[in-house]
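Undergrad: Sharing a structure, written as C-alpha cells. Questions coming.
The values are calculated or read from the model by the stated rules, or taken from the named source; none is laboratory data. Please read all numbers here as calculations on a predicted model, not as lab measurements. Every residue, glycine as well, gets a Cβ built from its backbone with ideal geometry; the counts of neighbours run over all protein chains shown. Note: areas computed on protein heavy atoms with side chains; ligands, DNA, RNA excluded. Shrake-Rupley method; radii C 1.70, N 1.55, O 1.52, S 1.80 Å.
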Amino acid sequence: VIEFSDDETKAGPAMSYVERQADIMKKLSTEFKCCTCYDRFPRASMVTAKCGDRYCVDCMKGLFVRSTKDEGLFPPRCCKQPIPLDLVARHMKPDELATFELAAVEYATQNKTYCSNYACATFIVPDSIELGTDRGVCPKCGTETCAICNQAFHEGSDCPDDPSLRQTRELAREMGWQTCNACDRVVQLRSGCNHIT
C-alpha cells in the first residue's frame, strides 16, 4: 500500500523546490515559538508580553497560577516588567481568576490574618474582619480568628497582643490604677477605701 500526503494528492502543476520552500516559510511565519516551552503555536494561541516575548497560552497561565502559590513570583513578570492580567484573563477559568485576584489582595495586605485552624490556614480578607472586635471569620471552615494575634477569637475578653491595650495597661500601672476583676475596666481610686465593687 502506498500512502500519499495531502500535498501529493492535489491536482495541478508540480511545485518547484523554491516554491515548496516559500510555502514552508509562509506556514512557519504564521506560527511562533513559545519562549518557555519552545513549541510552535499559531498566533491565536499566543500571548505577547510588553517586552515582546511570546508565550503559549498554557505557559502564560502556568506563570499566573504559580504566582498565586509563591509571593516571590507575584506579580507575574517577563524581563522584570509586570504582565497585565488582561493579556491572559480570557484564557483562564473563573476559579483560576478568582484565585489570582485573592492572591493579589493577600500579597498587598500589610497585616495579614490567616485562619487560626492550622488544618485550614486560609487567608481572611480585610473586608471580612469586624471593626472594633477584630474578629475574622474564615470563608472556608467558619473558624473565628482574632485579627490581632491570629489565634482563636477571644470571645468576651481582650486580646493580650493588642498594642493599644498594652499601652493602656502600662499607663494604668504607672498611674496606680487598678483593673476591675468583674468587668476588666480600669478604675482609679479618688476617695473611699481600697475595696473595689
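Undergrad: Report, by residue number, each residue of segment 142-158 that is in contact with a Ser or Thr (Cβ under 7 Å, 6 or more places away or on another chain) and not β-branched (V, I, T).
TA: Initially, segment 142-158 is screened for residues in contact with a Ser or Thr (Cβ under 7 Å, 6 or more places away or on another chain), giving 143, 145, 147, 150-153.
Hits for segment 142-158 are A147, N150, Q151, A152, F153.
Undergrad: Sticking with this structure for a sec: Name the single residue that is nearest to I148 (Cα to Cα) among those in segment 76-90 being crowded, with 16+ Cβ neighbours inside 10 Å and in contact (Cβ under 8 Å) with a residue 24 or more places away in the chain.
TA: Going through the qualifying residues, I end up with I83.
Undergrad: Going by the conditions given, is E71 touching a helix residue (DSSP H, G or I) at 6+ places or on another chain (Cβ under 8 Å), closer than 30 Å to C141 by Cβ and loosely packed, with under 12 Cβ neighbours inside 10 Å?
TA: yes
Undergrad: Would you be able to say whether some residue in segment 160-167 is free of Cβ contacts under 8 Å to residues at least 24 places away in the same chain and either touching a His at 6+ places or on another chain (Cβ under 7 Å) or of a type in the set (A, V, I, L, M) (or both)?
TA: yes
Undergrad: Let me ask you something else. So which of T133, T145 ends up being assigned to a strand (DSSP E or B) and modelled with pLDDT of 80 or more? Spell out how you get there, then give the answer.
TA: Numbers: T133 fails: assigned to a strand (DSSP E or B).
Answer to the selection: T145.
Undergrad: Limited to segment 52-66, what total is found for residues that are touching a strand residue (DSSP E or B) at 6+ places or on another chain (Cβ under 8 Å), open to solvent by less than 50 Å² (accessible area, probe 1.4 Å) and not in a strand (DSSP E or B)?
TA: The qualifying residues number 3.
Undergrad: For segment 156-173, state whether one or more residues are part of a loop (DSSP other than H, G, I, E, B), closer than 30 Å to D53 by Cβ and open to solvent by less than 40 Å² (accessible area, probe 1.4 Å).
TA: No, that holds for no residue.
Undergrad: Now a separate question. So, in segment 16-51, exactly how many residues are assigned to a loop (DSSP other than H, G, I, E, B) and within 25 Å of K80 (Cβ to Cβ)?
TA: The total comes to 9.
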